[in-house]
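We did not get these values from a lab; they are worked out from the coordinates using the rules stated. Keep in mind that this is a model prediction, so the values were computed, not measured. Note: ideal-geometry Cβ built from the backbone for every residue, glycine included; neighbour counts use all protein chains shown.
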Amino acid sequence: MGLVHIFGEKPVPKVLDFFRVHSYWDYSLKDLSKATKISHRTLQQIIPQLVKHGFLKYTRTEGKAKMFIFNKESKIAKELHEFARTIDFEFLSTDHKKKQHSPEIAFDLGRSEASQRFQKA
């Protein structure tokens, strides 16, 4: 999730990364809220801005829910997608991946899943 690596766990980068990665389907605000753990109210504020600037587009209404998708036709969205892909590749090619899964970090964050499973057995 390239943009989150650079800009942090803020709502706009999380939403853009989500739509960029899941660009083949459209999502309602409720679905997006569940997937990104961003409040529905916050999404109501930022989605119209992302649509206005061409990153997302409205696709349809299902019941009362408006559905949105990543706007692959927008030049700015295409450039953002390429930028985020570059970040993803750079992040994976460095030692960040190794540091992220090191035992020291898992220990600092608490018990890892593997150690919890081992203790249950």
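If each residue's Cβ is checked for other Cβ atoms within 10 Å, how do F18, F7, F68 rank with the fewest at the top?
Arranged by neighbour count, lowest to highest, F18, F7, F68 become F7, F18, F68.
Based on Cβ point charges of +1 for Lys and Arg and -1 for Asp and Glu, what charge dipole magnitude is obtained for segment 12-56 about its Cα centre, in debye rounded to the nearest 20?
So the magnitude is around 160 debye.
Anything over 18 Å Cα to Cα? Flag those among K10/K64; K30/K75; K10/K57; K10/K37, in the order listed.
From the list (K10/K64; K30/K75; K10/K57; K10/K37), the Cα-Cα distance tops 18 Å for K10/K64; K30/K75; K10/K57.
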